[in-house]
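The values are calculated or read from the model by the stated rules, or taken from the named source; none is laboratory data. Predicted model only: the values in this text are computed from it and were never measured. A quick note on method: Cβ atoms are made from the backbone with ideal geometry, for glycine too, and the neighbour counts reach across all protein chains shown.
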Amino acid sequence: MAKKTTRFYCKGCGHEELRWMGQCPGCREWNTFTEMNLSKASDTKGSRGFSAKDKKQTGFGAGAATGGTAAAWPEAVGPDGRLRPVPLRKISSADKKRLPVEPAEVANVMGGGLVEGSVVLLGGEPGVGKSTLLTGLGLSWVRRDIRVIYVAGEESPSQIRMRAERLGFKPDQEDGFEILPEVHLETLLEALRTALEDEKRPCVIIADSIQTLHSEHIDAYPGSPTQIKYCGGVLADFARQTGHPVFLVGHVTKSGDLAGPKLLEHMVDTVLYFEGSGGGAIRMVRAVKNRFGTTGELAVMEMRSDGLAPVDQAGVLFLSGRRGVEPGSAVCAVKNGSRTFLVEVQALVSSSRYGTPQRVVQGVDSKRVGLLCAILEKRAGLDLGGCDIFVKVAGGGRIDDPGADLAIMTALASSLRERPVPLDTLILGEVGLTGEVRQVADMESRLREASRHGFGRAILGGGKSGRKARQVEGMEMVVATSVEEAVRLAFEARGRKAGGGA
Ligand code: TYD
Ligand code: MG
């Protein structure tokens, strides 16, 4: 008989303890602890409800699956059947096989392809197009003889068929895309085990969504943190042991509450976020974690009536139409992985009529804006005290690149002083607390992108030890060392010979 093991979980935040507690140390809520019987889960099926023999079911490198348990990795088990540490030299460094991903935009974000045995979490607001994206990826896989099992928790199989048809799939003529309408985890695993028995081909499993799954071993509603954590963990183990990649779809709410999917981030290999931009048809996929590639790459697509399609001129998506006519706008070039985007920062500074001044920021970290405001006050002599400050990125974009500091500050100064920045001026620089402006990384590619779109003048950070940026044809480069100087030069540029439109 298996040993009785129990754990206690907070139903609110998923915090785990060995004993029951009245108040959760994680979220400080009262009476949220619930008991979970782990022995029940592991009675007959090994850890988390499925047996080690699962790993033998596929012929494509299951043993080398990521992370992995001893069961998934026979080299670690000595002749006496006990687990032992293995020297690095005995571990093969062979690259993992990657399944191709289409469109190429998404492959790029995932580091070149979908690694076998990996677990990918795709988070996004309801309705943004997660199911559409994964159905599209699924269809491209089945056309390459990769099997796809779509676990339908959210929608009926006929709805999924209709979506697939909308994306150009012909279910009567093409094969390989299978639907598994099951939300009970244990039944689902059993069905997957049976379906994948003796399967030699890779099979991608798409669980849409993790919030709809529930395990009988957890005493909580589907979608509660404990269920999400447990079901996600079981499916992640399944991927690693069988070598079949698993996609988990997770909803995040409009208020940006990531509580559910966030719990899974540490147990999956790749976390992708799928977001809309400014309420339009533009959709972006970014990787916030990737064990098999870099983060920071951005895929930009457009939601059309027949699915997601690449966007022309993605580099200028974040510029508004009436740019430069009014004060309070500045353009910088930001890097997202290997791609460059021209991004317009808009600011509105007005004197506050009511009590505490407001600061509303969209698309930039609000603490960063607070810091930049403080530097502007202290180092460039701008009086922002008592002003309402609004900052946003045009086109619903988001900036994480510190190279946009100077553009944010210039937009603020431009609004406060009611002086527009000339249309063809690009502003690039990272700003330090002492008010010095530093050069940004990868300057040349940013300047080139701007030059391609008609920018003829760039205000750049130099710093005392600043390397000289390589000249880019058609681009006048003005180097500033301090914020004060940079902001002054940004407006002065208008009087110089570079004046035309972008
Ligand atoms: P969906 O993939 O269901 O979103 P999620 O799974 O993230 O909740 O897609 C939602 C929206 O996308 C829906 O309003 C319809 C629209 N859509 C298109 O515009 N074009 C298409 O080809 C498809 C399939 C959906
Ligand atoms: Mg969906």
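Screening the candidates Leu133, Leu188, Leu167 for the property of being under 23 Å from Thr242 (Cβ atoms) and hydrophobic (A, V, I, L, M, F, W, C) yields one hit, Leu188. Condition test on Gln241, is it over 12 Å from Ile149 (Cα atoms), assigned to a helix (DSSP H, G or I) and within 16 Å of ligand 1 (Cβ to nearest atom)? So Gln241 fails the test. One residue stands out among those in region 123-174 that are basic (Lys, Arg) and within 16 Å of ligand 2 (Cβ to nearest atom): the one that is farthest from Ile206 (Cα to Cα), which is Arg166.
Suppose the filter is part of a loop (DSSP other than H, G, I, E, B), within 16 Å of ligand 2 (Cβ to nearest atom), surrounded by fewer than 18 Cβ atoms within 10 Å (Cβ to Cβ) and in contact (Cβ under 8 Å) with a residue 24 or more places away in the chain; does Glu102 pass it? For Glu102, the condition - part of a loop (DSSP other than H, G, I, E, B), within 16 Å of ligand 2 (Cβ to nearest atom), surrounded by fewer than 18 Cβ atoms within 10 Å (Cβ to Cβ) and in contact (Cβ under 8 Å) with a residue 24 or more places away in the chain - is not met.
In summary, helices (runs of 4 or more DSSP H) completely within region 113-197 and bearing 3 or more residues that are within 15 Å of ligand 1 (Cβ to nearest atom) and over 25 Å from Thr226 (Cα atoms) occur at 130-142, 157-166. Is there a residue in region 378-399 that is within 28 Å of the chain's Cα centre (by Cα), in a loop (DSSP other than H, G, I, E, B) and under 24 Å from Gly432 (Cβ atoms)? Yes, because at least one residue in region 378-399 is within 28 Å of the chain's Cα centre (by Cα), in a loop (DSSP other than H, G, I, E, B) and under 24 Å from Gly432 (Cβ atoms). Only one entry of Ile210, Ile205 meets the criterion of being touching a residue at least 12 places away in the same chain (Cβ under 8 Å), among the hydrophobic types (A, V, I, L, M, F, W, C) and in contact with a Cys (Cβ under 7 Å, 6 or more places away or on another chain), and that entry is Ile210. Only one entry of Thr295, Thr253 meets the criterion of being more than 16 Å from ligand 2 (Cβ to nearest atom), modelled with pLDDT under 95 and assigned to a loop (DSSP other than H, G, I, E, B), and that entry is Thr295.
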